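The values are calculated or read from the model by the stated rules, or taken from the named source; none is laboratory data. What you see is a predicted model; the values in this text were computed from it and never measured. Positions of Cβ are generated from backbone atoms using ideal geometry, with glycine treated the same way; all protein chains shown enter the neighbour counts. For the accessible areas, the whole protein counts, side chains as well, though only heavy atoms, and no ligand, DNA or RNA atoms are used. Shrake-Rupley method; radii C 1.70, N 1.55, O 1.52, S 1.80 Å.
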Amino acid sequence: MTATVSHPTRAEADDRFASPSSSPAPALRLSLAPAGPAPALLDGAWWPRSRDLGAELPALTAVLDPLWGRITRVTVNPVHWPVVPRKVAVGGRVVKVGWFLAEQDPHELLLLSYRTGRWNLLVVPPQTPAAQAAWLMAAASDPLGTSTASRLMEQSAHQPTGR
């Protein structure tokens with residue numbers, strides 16, 4: 001897949017305050033790396049709209065399940081997540097959520113699937129400006145990428161598009 005950044009239209013932004021049945025869900029902001037000659041450190045990037053894992057994970061796993069196999073577990077570093085639920089309901093099933101403080105990059109989300117294995121996504125902070133988020137998503141989706149999630153976050157702060 002190629003890097004894709006979806007910006008909500010003005011109507012979508014206004015619809016956030018409408019009743020849930022009358023407004024469509026905003027597009028998922030996700031960028032996945034194409035298959036490369038060697039595994040990259042990151043498999044792509046995800047730009048959630050909030051730091052609420054319980055609200056954000058169902059849409060992410062619904063998109064990734066057909067691509068990567070059923071996602072059964074997700075881990076995060078709790079530094080940037082105010083609440084890390086133990087379980088999240090996803091389409092009539094439960095995805096277990098765990099956390100690792102020292103062992104996991106604070107800007108990374110790890111997804112596990114029985115069928116395919118593990119996937120690492122850079123988590124672009126929700127408040128990130130669009131130009132900086134686009135750079136991060138493209139960099140994290142590079143199939144030859146050798147940067148960690150934290151290193152990409154550091155580099156993005158120095159990119160001309162980030163400001």
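Note on region 22-163: along the principal axes its Cα atoms extend 44, 38, 34 Å, ordered by decreasing extent. In this structure the amide hydrogen of Q104, modeled in the peptide plane, comes within under 5 Å of no amide hydrogen from residues 5 or more places off or on another chain.
Applying 1/(1 + (r/R0)^6) with R0 = 35 Å to the Cβ-Cβ distance of L101 and A27 gives a FRET efficiency near 0.65.
How big is the Rg/Rh ratio for region 106-163, C-alpha atoms only, Rh by Kirkwood, two decimals? Display every interim value, and only then the final one.
Details: Rg = 12.2 Å, Rh = 12.1 Å.
My calculation puts Rg/Rh at 1.01.
When a 1.4 Å probe is rolled over the protein heavy atoms, the share of accessible surface on region 114-156 that falls to carbon and sulfur comes to 56 percent. Average accessible surface for region 37-163: 50 Å² per residue, computed with a 1.4 Å probe over protein heavy atoms with every protein chain in place.
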